[in-house]
Structure formats: structure tokens, C-alpha cells
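> Got a structure here, written out as C-alpha cells. Questions coming.
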Amino acid sequence: MADQNIQTKSQLLAEIDKSWVALNFSLARLSEAQMTTVQDGHGWTVKDHITHMAAWESSVVFFLQGKPRSAGLGVAQSLFETRPIDEINEAIQQLHKDLSLAGATSQLQTTHRQLISLLNPLTDADLNQPLGTDHPELTDSDQRRVIDIIRDNTSGHFSEHLGWIEALVSPVE
């Protein structure tokens with residue numbers, strides 16, 4: 001969810017960097033087997049979490065380029081606009097289930113670099129623009145700003161999934 005305390009590009013970039021470093025540090029300590037064979041109760045592996053984060057970050061890349069976020073996710077616009085988030089996430093998982101671990105990690109790294117390069121020219125004013133009710137992906141009650149969309153799909157998302165990844169690969173005591 002959006003953190004209204006993030007107001008500036010420098011705050012956003014610092015938060016993204018902190019969560020990105022933590023995520024990569026944790027992933028670097030895992031074996032290929034831990035990342036591809038251990039599954040949670042929904043059948044997700046660490047690799048599935050990686051492709052999921054890459055897809056949602058890609059949706060922000062597309063958003064910043066003025067393209068539909070659904071295209072960045074690799075799902076139909078109708079699915080993105082009308083279905084619950086769990087169904088969208090399942091479609092993303094199915095889309096990438098056969099991707100190799102190396103492909104998944106490469107995708108995440110590449111997408112992250114793309115996003116950061118798109119953020120560099122933006123100003124604080126650009127980032128604090130409200131999306132407005134005419135934005136096709138928002139409801140009348142959605143008050144998010146551009147910075148919120150970015151944060152929710154980068155640092156907030158990395159931190160959320162890092163907790164799940166660490167719980168997934170932690171030895172049962």
C-alpha cells in the first residue's frame with residue numbers, strides 16, 4: 001500500500017535501493033535447489049516470486065512509458081481490469097513457470113535497471129502527480145500518486161516478497 005510519507009525522488013530511490021540490496025543479498029545466499037524446488041502452500045517457488053516481482057516492476061516500466069500495465073505483466077487487459085489480484089498473479093506464474101532460474105533472475109535485473117533509468121529524469125513534481133479518476137486502471141476512490149504506484153511495485157513489493165522467500169527457505173524448527 002501507498003506510503004504517503006514518501007514525497008521525493010531521493011526518498012523513493014533510497015527506499016528502492018535499500019529493499020533491492022536486501023532482496024539481492026538474500027537471493028545470493030540461496031542454492032539453485034532452494035530457489036526452484038522448495039514450494040509454499042500455493043505451489044510457489046522462490047523462482048516464482050522472482051518472476052512475479054519482475055512482472056509487476058515491468059508493469060511500472062510500461063506505466064512510465066505510457067503503455068498499459070497489463071502488457072508489462074503479460075496478461076490480457078480484461079484480466080487486469082476485472083479479475084482479482086490472485087487470478088492475475090496466477091496468470092503471471094503460469095506464464096513464467098517454464099522460465100529457467102537464470103532467465104528469471106536476468107529478467108528481474110534487467111527490468112529493475114529499466115525502471116531506474118526511467119526514474120532518473122523524473123522530478124518530485126512528476127512523481128507526486130495524482131493519477132486522477134480518468135486513468136483507466138483506477139477507481140473514483142483511488143487517490144494514489146505516480147510515486148505510490150512505483151513504490152508499491154518496487155520497494156514495497158520487494159520487502160513483502162523477501163519475507164515470504166525467507167520463510168519459504170527457512171529450515172523448519
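> What are the residue pairs meeting all of these: first residue in the stretch 9-36, first residue in contact (Cβ under 8 Å) with a residue 24 or more places away in the chain and under 20 Å from Ser170 (Cβ atoms), second residue charged (D, E, K, R) and surrounded by fewer than 18 Cβ atoms within 10 Å (Cβ to Cβ), Cβ atoms under 7 Å, and 6 or more apart or on different chains?
Ser26/Glu166
> Going by the conditions given, is Glu57 farther than 14 Å from Thr111 by Cα, out of contact with any Lys or Arg (no Cβ under 6 Å at 6 or more places or on another chain) and in a helix (DSSP H, G or I)?
So Glu57 fails the test.
> Also, I was wondering about something else. Take the conditions out of contact with any Cys (no Cβ under 7 Å at 6 or more places or on another chain), closer than 27 Å to Leu122 by Cα, surrounded by 13 or more Cβ atoms within 10 Å (Cβ to Cβ) and not aliphatic (A, V, I, L, M) and apply them to Gly74. Does it pass?
yes
> For Thr36, are the conditions met, namely being over 22 Å from Ile147 (Cβ atoms) and surrounded by 12 or more Cβ atoms within 10 Å (Cβ to Cβ)?
In short, yes.
> What are the pairs, 6+ residues apart or on separate chains, where a residue within the stretch 114-131 that is at pLDDT 95 or above has its Cβ under 8 Å from a residue that is of a type in the set (Asp, Glu)?
Listed by first residue and then by second, the contacts come to Leu115/Glu57.
> So, one more: How many of the residues in the stretch 71-85 are modelled with pLDDT under 95 and within 17 Å of the chain's Cα centre (by Cα)?
Result for the stretch 71-85: 3.
> Only one of (1) surrounded by 14 or more Cβ atoms within 10 Å (Cβ to Cβ); (2) within 19 Å of the chain's Cα centre (by Cα); (3) at pLDDT below 95 is not met by Trp56, so which one is it?
Trp56 satisfies all of (1) surrounded by 14 or more Cβ atoms within 10 Å (Cβ to Cβ); (2) within 19 Å of the chain's Cα centre (by Cα); (3) at pLDDT below 95 except (3).
> So, Phe25, is that one part of a helix (DSSP H, G or I), under 19 Å from the mean Cα position of the chain (by Cα), surrounded by fewer than 13 Cβ atoms within 10 Å (Cβ to Cβ) and not charged (D, E, K, R) or not?
Here the answer is yes, as Phe25 does meet what is asked.
The values are calculated or read from the model by the stated rules, or taken from the named source; none is laboratory data. Quantities reported herein were computed from a predicted structural model and do not represent experimental measurements. Note that we place each Cβ from the backbone using ideal geometry, even for glycine, and neighbour counts take in every protein chain shown.
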